[in-house]
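Derivation of every value follows stated rules applied to the coordinates shown; laboratory data play no part. The structure displayed is predicted, hence computed values, not measured ones. For neighbour counting, all protein chains shown are included, and Cβ atoms are generated from backbone atoms with ideal geometry for every residue, glycine included.
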Amino acid sequence: MESYDEGLGTVYERFMLNDYFDDLINSNNIKNVLEVPFYGMTGLTGINSVHLAMKGCNISLVDTKEEHVTEAMKHLKNLPIEGRYNVLLHKDLSKLPYSDNYFDLVWNFAAIWHVKDAGLLINEMARVSSKFVLIYIPNRKQLGYALRKYVFDRQFFDTIDESWIDLDRISEHLKLQGMKVVDEGLIDVPFWPDTAVPVKNIFKKILKENNNNTDKSEQQLFKKYWNWDIMSYYMGMNPRLKDKIEKLSFLEKTSIPWHVKAFWAHHRYVLCSKN
């Protein structure tokens, strides 16, 4: 069976995102969802909206790169959501191929800084939404962001536009499209920083420094004890995974001052409404 291990950090943020979606769809009549672009979250590409499909929503996924579309189709066909999703390759995000007010919810996760002319995409997200636009961005305030930028992954920041990971800028842009902010906050708040370096890689480095021949032992160790796979949860083969993650979400659920939680939160979000 194919391995879908994404690492603890990515699986954790997926469950926290799913919890937010539950609150949103339980209090609103959301049936038709667009995720554009769908590349942004680490781990498997194309499964960010799966929970919405499993809750009965019809999901459309749009991205500009063929490899992202191919990977999404590969993963989605293995899940119990047949007939509830459509994946589209569309190069020009400044003009989406949908009519006005077509979707109840239009959203993306950590994707906006990858988009050229992101402002034009945001205009389109507002145009094709009848109710909500939801945008998640990385949180610059958390410790791991600086570690990633200046220590672990410096070259990555030459490939993105940091000016768009600014909630104030995004909110003001959406307001100009006739929308209003109805919710904003922090999400993905575990007790570890987000450096974009998988914990598994750190463990492997430690093992190699102490043993020059650890390939086989690494595979056995991480397959048995450090395998974080939300696809198996979606397939119904690992129903206890959510409970394991919930035990790690005590900081997320704790009522502590915003500025304290912001030091640990990996992402921020803004939800805007047309109503």
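Using just the helices of the chain, give the 222 nm mean residue ellipticity in deg cm²/dmol: DSSP H runs with n ≥ 4 each add -39,500 (n - 2.57), and the total is spread over all residues, rounded to 500. Show your work: numbers first, answer last.
Working: 12 runs with 103 residues, N = 275.
Only helices count here, giving -10500 deg cm²/dmol.
If r is the Cβ-Cβ distance from K91 to W258 and R0 is 45 Å, what FRET efficiency results, to the nearest 0.05? Don't jump to the answer; show the numbers that get you there.
Values: r = 39 Å, r/R0 = 0.87.
After rounding, the FRET efficiency stands at 0.70.
Of all the stretches in the chain, which is the longest one without any exposed loop site, taking GluC sites (Glu not before Pro) in a DSSP loop (any state but H, G, I, E, B) with at most 13 other Cβ atoms within 10 Å? All intermediate terms of the calculation are to be shown ahead of the outcome.
Numbers: sites that count: E2, E82.
Looking at the chain, 83-275 is the longest stretch - no exposed GluC sites (Glu not before Pro) with at most 13 other Cβ atoms within 10 Å.
Contour minus end-to-end for K31 and D100, with contour as 0.36 nm per residue of separation and end-to-end as the Cα-Cα distance? Before the final figure, lay out the partial values.
Values: separation 69, 0.36 × 69 = 24.84 nm, distance 1.61 nm.
Gain on extension, K31 to D100, equals 23.2 nm.
What order do you get for W228, W164 when you list them from fewest to most C-beta neighbours inside 10 Å?
Values: W228 24, W164 20.
Final ranking by Cβ density, sparse to dense: W164, W228.
Report the trypsin sites (Lys or Arg not before Pro) located in the stretch 240-275 that are in a DSSP loop and have at most 10 other Cβ atoms inside 10 Å of their Cβ, or state none. Don't skip to the end; give the middle numbers.
Numbers: sites: R240, K242, K244, K247, K253, K261, R268, K274; in loops: R240, K247, K274.
Sparse-neighbourhood loop trypsin sites (Lys or Arg not before Pro): R240, K247.
With r as the distance between the Cβ atoms of E162 and K244 and R0 = 35 Å, compute the FRET efficiency 1/(1 + (r/R0)^6) and round to 0.05. Intermediate values should be presented prior to the final figure.
Numbers: r = 34 Å, r/R0 = 0.97.
The pair K244/E162 has a calculated efficiency of 0.55.
With 10 angstrom as the radius, rank S99, S273 by how many other C-beta atoms surround their C-beta, starting from the fewest. Present the calculation step by step, with values, prior to reporting the outcome.
Working: S99 9, S273 16.
Fewest to most other Cβ atoms nearby, the residues stand as S99, S273.
Measuring from label point to label point, each 7 Å out along Cα→Cβ, what is the K116 to F191 span in nm?
4.5 nm
How large is the translational diffusion coefficient of the chain in µm² per second when you combine the Kirkwood radius over alpha carbon pairs with Stokes-Einstein at 20 °C and 1.002 mPa s?
Here the translational diffusion coefficient equals 109 µm²/s.
Filter the cross-link list K141/K175; K131/K175; K141/K274; K91/K141; K95/K131; K31/K55 down to pairs whose alpha-carbon distance in this structure exceeds 21 Å. Don't skip to the answer; put the middle values down first.
Details: K141/K175 24 Å; K131/K175 14 Å; K141/K274 29 Å; K91/K141 32 Å; K95/K131 19 Å; K31/K55 9 Å.
Going by Cα-Cα distance, K141/K175; K141/K274; K91/K141 fall outside the 21 Å limit.
For the stretch 65-106, which trypsin sites (Lys or Arg not before Pro) pass both filters: DSSP loop (anything but H, G, I, E, B) and at most 15 other C-beta atoms within 10 Å? Walk me through the numbers on the way to the answer.
Details: sites: K65, K74, K77, R84, K91, K95; in loops: K65, K77, R84, K91, K95.
Of the trypsin sites (Lys or Arg not before Pro), the ones in loops of the stretch 65-106 whose Cβ has at most 15 other Cβ atoms within 10 Å are K65, K77, K91, K95.
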